[in-house]
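Read the figures in this text as sums done on the coordinates, not as results from a lab. Note that the structure is a prediction, hence the values are computed from the model and not measured. Heads up, the Cβs are rebuilt from the backbone with ideal geometry, glycines too, and the neighbour counts pull from every protein chain shown.
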Amino acid sequence: MAAALNRVVPAQSGNQFGILVYHRVAEAEPRSTPPTWNVSPDRLHRQLEGLLNAGYTALPLRRALSAHAAKEPLPARSFAVTFDDGYANNLTRALPVLERLQVPATIFLATAFLDSPEPFPSDDWPLAGAPAVPGDSWRPLTSDEVHQLLRNPLIEIGCHTHTHRDFRQIPEEFRQDLEHSLGVLGERFGIAEPTFAFPFGYATPEMLKIAEQVGLLCALTTEPEPVPAQASPFGWGRFRANQFDSPSTLRGKLDGWYSRLSREGGPNSALGKLGTADSASPPAPGAVA
């Protein structure tokens, strides 16, 4: 399905691009519950290599933001790669793939959990923290590991709040939590004016306004839409990439036909399920090309 639609739906214009969001990058242990919100290192490599071989250009998120501010067009079929939460495997498993392919990425940190020996409170994988699985498949990054990432020119570190909560009903707590996280990023890592992604992708108009007021460069959601030309970066959407995505399905998302057809078919269509499914959930029959 994806390959056929990529042939008939026009590709992006030079003023539109897409953002992919990943979380965990880990191997599934044999005969164990598969990790949630996960893409294996091999699958990550095949996805990104497939996009590059199809003529897509991987850009740093900050470059896209600079072009937006200058009202300059981006290369056609541009995309950015992001990782949410700050799993240790972003360093140990994802970075080697990014280095081999020379793909830049932004890692959004939930700063309260840096150096923690416990799983993220939001991690719904039953085996997170279990001795039967490798620690880097679930644990948060350490401060030393973030410094290692910052020494790599492919990697940018962004903000994902401090405590990674659903702040939709408590906007003033969102402001305080966000300012706390910004303080950690500045004092511990020397990061000023970072990029930002909302926890769970949840945002309200008031939260978008707060994100802009505290000095962030952008505020990303998980609305599955390509970034429209000249749209404010406070509210840019992203596409979830999961284990069942092929390069063709990611091309369909980035080129905009997924958004168009899922709106027409609704959230229960094959396309709707493909764009929002947890990476541990099987795709709809025939959804992956």
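May I ask you to compute the full-extension gain from T33 to E99, defined as 0.36 nm times their residue separation minus their alpha-carbon distance, rounded to one decimal in nm? Mind dumping the intermediate values first?
Details: separation 66, 0.36 × 66 = 23.76 nm, distance 2.92 nm.
Value of the extension gain: 20.8 nm.
So what does the Cα-only Debye profile of the range 84-162 read at q = 0.15, 0.17 Å⁻¹, as log10 I(q)/I(0), no solvent term?
-0.50, -0.63
Hey, any idea what the orientation-averaged projected area of the convex hull of the range 159-230's Cα atoms comes to, in nm²?
Numbers: hull surface 19.9 nm².
For the range 159-230, averaging the hull's shadow over all directions gives 5.0 nm².
Over the range 188-251, what lengths in whole Å, largest first, do the semi-axes of the equivalent ellipsoid take, defined as the square roots of 5 times the eigenvalues of the alpha-carbon gyration tensor? Don't skip to the answer; put the middle values down first.
Details: eigenvalues 119, 44, 26 Å².
So the equivalent ellipsoid measures 24, 15, 11 Å along its semi-axes.
For A192 and L150 in the same chain, what is the full-extension length gain: residue separation times 0.36 nm, less their Cα-Cα distance, in nm? Display every interim value, and only then the final one.
On the way: separation 42, 0.36 × 42 = 15.12 nm, distance 1.33 nm.
Full extension of this stretch gives 13.8 nm more.
Can you compute 3J(HN,Hα) from phi for each residue in the range 139-155, using the Karplus curve 6.51 cos²θ - 1.76 cosθ + 1.60 with θ = phi - 60°, rounded to whole Hz and x for Gly and Pro?
Taking θ as phi minus 60°, the curve returns 6, x, 5, 8, 4, 4, 5, 5, 4, 4, 4, 5, 6, 8, x, 7, 10 Hz for the range 139-155.
Diagonalise the Cα gyration tensor of the range 116-202 and give the resulting equivalent ellipsoid semi-axes, square root of 5 times each eigenvalue, largest first, whole Å.
Working: eigenvalues 106, 81, 21 Å².
The answer is 23, 20, 10 Å, longest axis first.
What is the spin-label model distance, in nm, from D166 to E223 if the labels are put 7 Å beyond Cα along the C-beta direction?
2.0
Spelling out what I want: for every residue of the range 158-172, take phi, set θ = phi - 60°, compute 6.51 cos²θ - 1.76 cosθ + 1.60 (Karplus), and round to whole Hz; glycine and proline get x.
x, 9, 9, 6, 8, 10, 6, 10, 7, 9, 4, 9, 9, x, 5
Please turn the phi angles of the range 21-37 into ³J(HN,Hα) values with the Karplus equation 6.51 cos²θ - 1.76 cosθ + 1.60 (θ = phi - 60°), one per residue in order, whole Hz, x for glycine and proline.
So the J values, rounded to whole Hz, are 10, 10, 10, 8, 10, 8, 7, 7, 6, x, 6, 10, 4, x, x, 7, 6.
Give, in nm to one decimal, the length gained when the segment between T142 and E173 is fully stretched (0.36 nm per residue of separation minus the Cα-Cα distance). It would help to have the intermediate numbers written out before the result.
Values: separation 31, 0.36 × 31 = 11.16 nm, distance 2.53 nm.
Fully extending the segment from T142 to E173 adds 8.6 nm.
Amide H of L109: which non-local residues (sequence gap of 5 or more, or other chain) have their own amide H closer than 5 Å, using H built in the peptide plane?
Those lying under 5 Å, H to H, from L109 are G158, C159, H160.
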